[in-house]
């Protein structure tokens, strides 16, 4: 008798509701700027809708594709190889930002596509080496090389995404049984790596310094001549790198419990940069208040709940790590974005999954969630 699979309707409808809500709040956040720049208030919404069609098709395809088909070396290593290839191409093609592959009117961000690729690789590799997960020579070194190459290729232009990928790899290996001493070593290496890449780019260092020391009072004690301050400020597009965070917190605070009403936000009127992308959560907070902000947070909590449930109930290791990886990627990215908007961490160029404008992010997120839905159908 064929196995009858049950759709995880809670997860399925949560994703559809969040994508639909994203379209609504995107129009509110972008319509005025889109009209000024492109002569159409619907410019960003139309582009996002086109990507949403592709992303939903990808999600439904992967939802119907048995996830165990990904459990082979050909798929796992090919996925990582393609991600590395695209990241290498974008580094050479997009010499200014190393982020975008332009395909006519469309653009693709390879760092977003690296997320599902790395999750599949991690699930395969950890399952394959489950009995020797703490073997340095045959498990940890090869895994570190593969994961490290992907993260290094991403971190050149996108530190935020690299942090999300690193967190995902760490969680998957920890759950798989990685000893605490190796976890501590990974954490130490990752911390040093993040600091090096922050220091390597003056604008990143300036953002971090101004986040913790806005007036350079601490820096001035070590540099009374102001050379460090001058060098850091010269690296920024704007001298006040905390401007986005300040405008974001003003927007969220102005929303109060119930918000100013959809389309009635003020900060999006050219006060808040990137209102339709990285800081769209602030627009939701201003217009829909605490209710809207908590509602969005609840959406990610439901994804976390269904992903954790799937991780605990699915019977095979590959499905378990696949579900865990997808859950961590989506939820951590969402929490990092919200943390930035609320001023809890320095500014990072990382979108809010399913809500921010960005076709590559939407495609990557829905494709990943399609895999999670498929695994969920096989969970108890």
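Numbers for the structure displayed
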read-out	value
Cα gyration tensor shape of the range 163-310, rounded if a/c is under 1.5, else prolate or oblate by comparing a/b with b/c	oblate
The range 72-200: relative contact order as a whole-number percent, Cα under 8 Å and 6+ apart	24
The chain, relative contact order [Cα under 8 Å, separation at least 6], %	28
D_trans [Stokes-Einstein, Kirkwood Rh over alpha-carbon pairs] for the chain, 10 °C, 1.306 mPa s, µm² s⁻¹	73
Neighbour-count ranking [beta-carbon atoms within 10 angstrom, fewest first] of 23, 59	23, 59
Residue 258/residue 135 FRET efficiency (R0 56 Å; Cβ-Cβ; nearest 0.05)	0.50
Centre separation in Å (Cα based) which lies between the range 143-209 and the range 76-134	15
Cα gyration tensor shape of the range 274-380, rounded if a/c is under 1.5, else prolate or oblate by comparing a/b with b/c	prolate
Contact order normalised by residue count of the range 60-109, Cα under 8 Å, 6+ apart, percent	15
Computed [θ] at 222 nm, helices only, for the chain once each DSSP H run of length n ≥ 4 contributes -39500 (n - 2.57)	-23500 deg cm²/dmol
Radius of gyration and maximum dimension Dmax of the range 69-130, Cα, Å	13.7, 45
Cα gyration tensor shape for the range 72-200, rounded if a/c is under 1.5, else prolate or oblate	oblate
Top of 34, 190, 200 by mean-square fluctuation, Gaussian network on the chain, Cα under 10 Å	200
Residue exposure sequence - 215, 94 - by fewest surrounding Cβ within 10 Å	215, 94
Residue order, fewest to most beta carbons within 10 Å, for 304, 212, 318	212, 304, 318
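Every number in this text was worked out from the coordinates using simple rules, so none of it is lab data. These numbers come from a predicted model, not from an experiment. Cβ coordinates were reconstructed from backbone atoms using ideal geometry, including for glycine residues, and neighbour counts include every protein chain displayed.
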